[in-house]
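Participant: The structure under discussion is supplied below as structure tokens; questions concerning it will follow.
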Amino acid sequence: MMAAETDWICKIDTRYEGAVPGGNFRRREWNRLKKAECEELGLYGHREMRPVHCTAAGAREYSYTPRAGESGNARRDFWRSYTGRKQKDRGHRRPLVHSGEALQLSATARIVATSGGVKVRYPQLRKLNLRNPNSKIDMRAEFTAISRGDSDRLLRLFDKRMDRHLRRLRSSQRRRTR
């Protein structure tokens with residue numbers, strides 16, 4: 001049985017009352033414009049948000065489940081914990097990174113956009129799907145998490161880019177009528 005791909009999903013729901021703002025649009029043109037913007041959001045999320053997941057700040061922002069030994073070096077048996085062994089063997093404490101293979105595999109993404117949202121798929125990143133059934137740690141859920149700040153940032157970016165496109169279309173429609 002093959003493991004599922006790791007997906008990062010962002011849904012965009014735009015609702016307007018009356019005519020579409022910015023001029024005479026057919027629904028097909030409006031949806032094409034939204035799809036293009038959703039694709040840009042997926043690319044932005046892949047480039048800007050993915051690397052943050054593998055940092056200590058990202059672990060706090062996305063509320064990762066604490067690993068053994070992350071409370072600090074105060075414990076006598078720190079070096080026998082997961083974090084201590086990783087610190088000793090690999091020289092770092094970054095979350096979701098042990099050998100760096102998962103981070104390297106996540107560099108390749110397939111972005112699937114629709115007018116209603118975007119999926120950023122990581123087909124090679126099946127490693128995060130492996131899970132100890134006795135552990136509360138779900139690396140796939142941690143990697144695909146979107147914080148409230150990320151959500152707000154994506155929506156602001158979507159609104160700004162849509163406004164820019166609508167202004168550009170309005171000005172081109174005015175030029176055509178003169």
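Participant: Quick check on my filter: what residues within segment 74-96 are among the charged types (D, E, K, R) and under 23 Å from ALA145 (Cα atoms)?
Facilitator: Of segment 74-96, the ones among the charged types (D, E, K, R) are 75-77, 80, 85-86, 88-90, 93-94.
Matches in segment 74-96: ARG93, ARG94.
Participant: ALA68 versus (1) out of contact with any Gly (no Cβ under 7 Å at 6 or more places or on another chain); (2) within 30 Å of LEU33 (Cβ to Cβ); (3) modelled with pLDDT under 85: which is the lone unmet condition?
Facilitator: Here ALA68 meets the rest and fails (2).
Participant: Under the condition of being of a type in the set (Ser, Thr, Tyr) and touching a residue at least 60 places away in the same chain (Cβ under 8 Å), which residue from segment 107-133 is surrounded by the fewest Cβ atoms within 10 Å (Cβ to Cβ)? Steps first, please.
Facilitator: Taking segment 107-133 as the starting set, the residues that turn out to be of a type in the set (Ser, Thr, Tyr) are 108, 114-115, 122.
Okay, now just the ones that are also touching a residue at least 60 places away in the same chain (Cβ under 8 Å), so 114-115, 122.
Details: THR114: 14, SER115: 17, TYR122: 24.
Here the answer is THR114.
Participant: Right, next: Go through segment 55-95 residue by residue and tally those that are assigned to a helix (DSSP H, G or I) and buried (at least 18 other Cβ atoms within 10 Å of the Cβ).
Facilitator: Of all residues in segment 55-95, those assigned to a helix (DSSP H, G or I) come to 56-61, 78-80, 82-90.
With buried (at least 18 other Cβ atoms within 10 Å of the Cβ) added as a condition, the list becomes 58-59, 78, 83-84, 86.
Residues in segment 55-95 being assigned to a helix (DSSP H, G or I) and buried (at least 18 other Cβ atoms within 10 Å of the Cβ): 6 in total.
Participant: A follow-up question, please. Could you list all residues from segment 40-73 that are of a type in the set (Phe, Trp, Tyr) and within 19 Å of ARG140 (Cβ to Cβ)? Don't jump to the end; show me each part of the working.
Facilitator: Going through segment 40-73, the residues of a type in the set (Phe, Trp, Tyr) turn out to be 44, 62, 64.
Correct list: TYR62, TYR64.
Participant: I would also like to ask the following. Looking only at residues that are of a type outside the set (Gly, Ala, Ser) and part of a helix (DSSP H, G or I) in segment 112-144, which one is nearest to LEU41 (Cα to Cα)?
Facilitator: Taking segment 112-144 and keeping what is of a type outside the set (Gly, Ala, Ser), we get 112, 114, 118-134, 136-140, 142-144.
Now restrict to residues that are part of a helix (DSSP H, G or I): 126-129, 139-140, 142-143.
Working: ARG126: 23, LYS127: 25, LEU128: 23, ASN129: 24, MET139: 23, ARG140: 21, GLU142: 20, PHE143: 17 Å.
Filtering first and then ranking leaves PHE143.
Matching residues to (1) modelled with pLDDT of 90 or more; (2) surrounded by fewer than 11 Cβ atoms within 10 Å (Cβ to Cβ):
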position: ARG140; (1), (2): no, no
position: ARG156; (1), (2): yes, yes
position: ASP159; (1), (2): no, no
position: SER172; (1), (2): no, yes
position: ARG175; (1), (2): no, yes
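Participant: Given the criteria surrounded by 12 or more Cβ atoms within 10 Å (Cβ to Cβ), touching a helix residue (DSSP H, G or I) at 6+ places or on another chain (Cβ under 6 Å), among the acidic types (Asp, Glu) and at pLDDT below 85, does GLU29 qualify? Even if it seems obvious, please write down each step before you answer.
Facilitator: Values: surrounded by 12 or more Cβ atoms within 10 Å (Cβ to Cβ): yes; touching a helix residue (DSSP H, G or I) at 6+ places or on another chain (Cβ under 6 Å): no; among the acidic types (Asp, Glu): yes; at pLDDT below 85: yes.
So GLU29 does not fit the description; no.
The values are calculated or read from the model by the stated rules, or taken from the named source; none is laboratory data. None of the values given here were measured: they were computed from a predicted structure. We place every Cβ from the backbone using ideal geometry, glycine too, and count neighbours over all the protein chains shown.
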